[in-house]
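The values are calculated or read from the model by the stated rules, or taken from the named source; none is laboratory data. From a predicted model like this one, the values you see are computed outputs, not experimental measurements. FYI the Cβ positions are ideal-geometry reconstructions off the backbone, even for glycines, and counts take in every protein chain you see. Keep in mind that these areas ignore ligands, DNA and RNA; they rest on the heavy atoms of the full protein, side chains included. Shrake-Rupley method; radii C 1.70, N 1.55, O 1.52, S 1.80 Å.
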Amino acid sequence: MTRRLFGTDGVRGVAGEFLTAELALALGRTATRQSGSERPQALIIRDTRESGEMLEAATAAGVSAAGGDALLGGVLPTPAAPLLIKRYGFDLAIVLSASHNPYRDNGIKFFAGDGYKLSDETEAAIERELDTAAGSAEVGRIRELRGASEDYLRELHTRFAQLDLSGLDVLLDCANGATYQLAPEIFKRLGASVSVIADQPDGRNINADCGSTHMGTLAAHVLSGSHDLGFAFDGDGDRVLAVDRRGEVVDGDELMALATIHLRDSGRLSGNGVAVTVMTNYGFHLAMEREGVEVATTNVGDRYVLEELRARGWKLGGEQSGHIIDMSFNHTGDGIASALLTLEALAGRDLSERDAMNKLPQRLVNVAVRDREALAGSETVRAAVSAAEEELTGRGRVLVRPSGTEPLVRVMVEAPSEPETREICERLVALVEAELG
């Protein structure tokens, strides 16, 4: 029976329990054979988790057992993978990271030779052949890829060569993860005065009370240090959120709005459109309508945003979480590049004076239910949601949807004022609890 291993972003689980060295070896071997090359060249990079070296050794052994050559790039952000594929012509890249998860988790995700993550069909093929894929009579080599970090920095510097950050006092929270050396370095090369927190990884402190999932840490340091602004990355460096000089968090929606208008004004917004998810704040949609920019909405997940961009031939898309994809530079979210794009969009203005969009108050409540699928059959809930949507027409929105993995129904409301947002949300939550709880 085929095992279902791949989620929305590779194979992920507790290292040493679910994600064992044996599984990593098998995945590395099977993915290498699936690449279709006679002598596959596979890049392997990782974040700073203590399990990374074990999984690196195992996946490299799998690549070699399949007759491929494994090139070890060391600790690098996930977005370095597609850029290095393009630079060196690799057939495959393997990224060992569990992104924003705690250190005990780890993950394996793959990029194909075109720089995109593997298709659903290829992932399914790997799962089918995982336990049957044989080795190769030709054994590949395993060696270090020297200069990989500098290659990634060079790509960033080339893209943002005209960005002068002289006089900017920036604080970076590197989440004790994959950006801890490279993010400060590129900001310094572009002229900024750089301070850094969470840049002392010990294998276990990745994402621990720091990074883009714990923004209070960065906000407090920005205020106490009187910095111009701060950026927080996640563990593998594919997301970024910001804090302005007043200590206010600037999420992915606001960063996307800044980038969209900037790229549109500079003639670089392909198709005059941007792709976002159903979680994107309604204020973003109002701002884009005002600016005459088309918006496509997808399910939650960067892979769905990417699919929409590729289908429409657009270049820019992203999520509220700070996962922003600028396809004119990279084929996946790149936290460092997104931070620099934000500064390029500001063009010397203060982030606290941003005006690209007015963010509506939002409330999101997860309601425990007996059966999340029962939501679809509840006429009472559907009628109440429709009434709330009509009430907020042109002013806000309502989103009530089942969790994809847990017995929960998520109720989200956005309205012009906090009291109205709270009142409508509480009303719907009470109804969902009464009908489905």
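Between a residue in segment 54-66 that is on the phi < 0 side of the Ramachandran plot and any residue that is in a helix (DSSP H, G or I) and among the β-branched types (Val, Ile, Thr), which pairs come within a Cβ distance under 9 Å, given they are 6 or more apart or on different chains?
Short answer, once both residue conditions are applied: Gly62/Thr30; Gly62/Thr32; Val63/Thr32; Ser64/Thr32; Ala65/Thr32; Ala66/Thr30; Ala66/Thr32.
Do you know which residues across segment 47-83 are part of a loop (DSSP other than H, G, I, E, B), within 21 Å of Asp238 (Cβ to Cβ) and of a type outside the set (Val, Ile, Thr)? If you could, list the steps in order and put the result at the bottom.
Initially, segment 47-83 is screened for residues part of a loop (DSSP other than H, G, I, E, B), giving 47-51, 66-68, 76-79.
Within this subset, residues satisfying the condition of being within 21 Å of Asp238 (Cβ to Cβ) are 47-51, 76-79.
The answer is Asp47, Arg49, Glu50, Ser51, Leu76, Pro77, Pro79.
Out of Asp209, Asp199, I need the residue that is touching a Phe, Trp or Tyr at 6+ places or on another chain (Cβ under 6 Å), among the charged types (D, E, K, R) and open to solvent by 40 Å² or more (accessible area, probe 1.4 Å). Which one?
Going through Asp209, Asp199 in turn, just one is touching a Phe, Trp or Tyr at 6+ places or on another chain (Cβ under 6 Å), among the charged types (D, E, K, R) and open to solvent by 40 Å² or more (accessible area, probe 1.4 Å): Asp199.
The rows are residues; the columns are (1) in contact with a Cys (Cβ under 9 Å, 6 or more places away or on another chain); (2) modelled with pLDDT of 95 or more; (3) of a type in the set (Ser, Thr, Tyr).
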position	(1), (2), (3)
Ser378	no, no, yes
Arg382	no, no, no
Glu391	no, no, no
Gly396	no, no, no
Pro407	no, no, no
Thr421	no, yes, yes
Ala434	no, no, no
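It is to be established whether one or more residues within segment 248-256 are closer than 22 Å to Gln362 by Cα and in a strand (DSSP E or B).
Of all residues in segment 248-256, those closer than 22 Å to Gln362 by Cα come to 248-256.
Right, trim to in a strand (DSSP E or B) and you get 249-250.
There is at least one residue in segment 248-256 that is closer than 22 Å to Gln362 by Cα and in a strand (DSSP E or B).
So which of Leu229, Leu218, Leu223, Leu241 ends up being farther than 20 Å from Ser99 by Cβ, modelled with pLDDT of 95 or more and either of a type in the set (Val, Ile, Thr) or in contact with a strand residue (DSSP E or B) (Cβ under 6 Å, 6 or more places away or on another chain) (or both)? Step through it out loud before you land on a result.
On the way: Leu218 fails: farther than 20 Å from Ser99 by Cβ; Leu223 fails: either of a type in the set (Val, Ile, Thr) or in contact with a strand residue (DSSP E or B) (Cβ under 6 Å, 6 or more places away or on another chain) (or both); Leu241 fails: farther than 20 Å from Ser99 by Cβ.
Of the residues listed, the single one that is farther than 20 Å from Ser99 by Cβ, modelled with pLDDT of 95 or more and either of a type in the set (Val, Ile, Thr) or in contact with a strand residue (DSSP E or B) (Cβ under 6 Å, 6 or more places away or on another chain) (or both) is Leu229.
Any residue in segment 69-95 that's farther than 10 Å from Ala42 by Cα and open to solvent by 20 Å² or more (accessible area, probe 1.4 Å): show its pairings with residues that are aliphatic (A, V, I, L, M) and not in a strand (DSSP E or B) at Cβ separation under 6 Å, as long as the two are six or more apart or on different chains.
Val75/Ala178
Of all residues in segment 383-404, which are of a type in the set (S, T, N, Q) and either in contact with a Lys or Arg (Cβ under 9 Å, 6 or more places away or on another chain) or on the phi > 0 side of the Ramachandran plot (or both)? Let's see the steps before the verdict.
Within segment 383-404, the subset of a type in the set (S, T, N, Q) is 386, 393, 403.
Once the filter is applied, which keeps residues that are of a type in the set (S, T, N, Q) and either in contact with a Lys or Arg (Cβ under 9 Å, 6 or more places away or on another chain) or on the phi > 0 side of the Ramachandran plot (or both), segment 383-404 yields only Ser403.
Quick check on this structure: which one of Arg159, Arg141 is in contact (Cβ under 8 Å) with a residue 40 or more places away in the chain and open to solvent by 80 Å² or more (accessible area, probe 1.4 Å)?
Details: Arg159 fails: open to solvent by 80 Å² or more (accessible area, probe 1.4 Å).
Unique residue meeting the criteria: Arg141.
Could you please find all residues in segment 395-437 being open to solvent by 50 Å² or more (accessible area, probe 1.4 Å) and aliphatic (A, V, I, L, M)?
Answer for segment 395-437, where residues must be open to solvent by 50 Å² or more (accessible area, probe 1.4 Å) and aliphatic (A, V, I, L, M): Ala430, Ala434.
Do we find that Leu392 is open to solvent by 80 Å² or more (accessible area, probe 1.4 Å) and of a type in the set (A, V, I, L, M, F, W, C) in this structure? Before you say what the answer is, go through the steps one by one.
Numbers: open to solvent by 80 Å² or more (accessible area, probe 1.4 Å): no; of a type in the set (A, V, I, L, M, F, W, C): yes.
No.
If you check Gly107, Gly167, which single one turns out to be at pLDDT 95 or above, among the small types (Gly, Ala, Ser), outside any helix (DSSP H, G or I) and open to solvent by less than 20 Å² (accessible area, probe 1.4 Å)?
Numbers: Gly167 fails: open to solvent by less than 20 Å² (accessible area, probe 1.4 Å).
Just a single option satisfies the conditions, and that option is Gly107.
For segment 217-231, which residues satisfy the criterion of being open to solvent by less than 10 Å² (accessible area, probe 1.4 Å) and either in contact with a His (Cβ under 9 Å, 6 or more places away or on another chain) or of a type in the set (S, T, N, Q) (or both)? Before you say what the answer is, go through the steps one by one.
Of the residues in segment 217-231, the ones open to solvent by less than 10 Å² (accessible area, probe 1.4 Å) are 218, 222, 229-231.
Within segment 217-231, just Gly230 meets the criteria.
Regarding Ser212, is this residue over 21 Å from the mean Cα position of the chain (by Cα) and of a type outside the set (Lys, Arg)?
Judged against the criteria, Ser212 is not a match.
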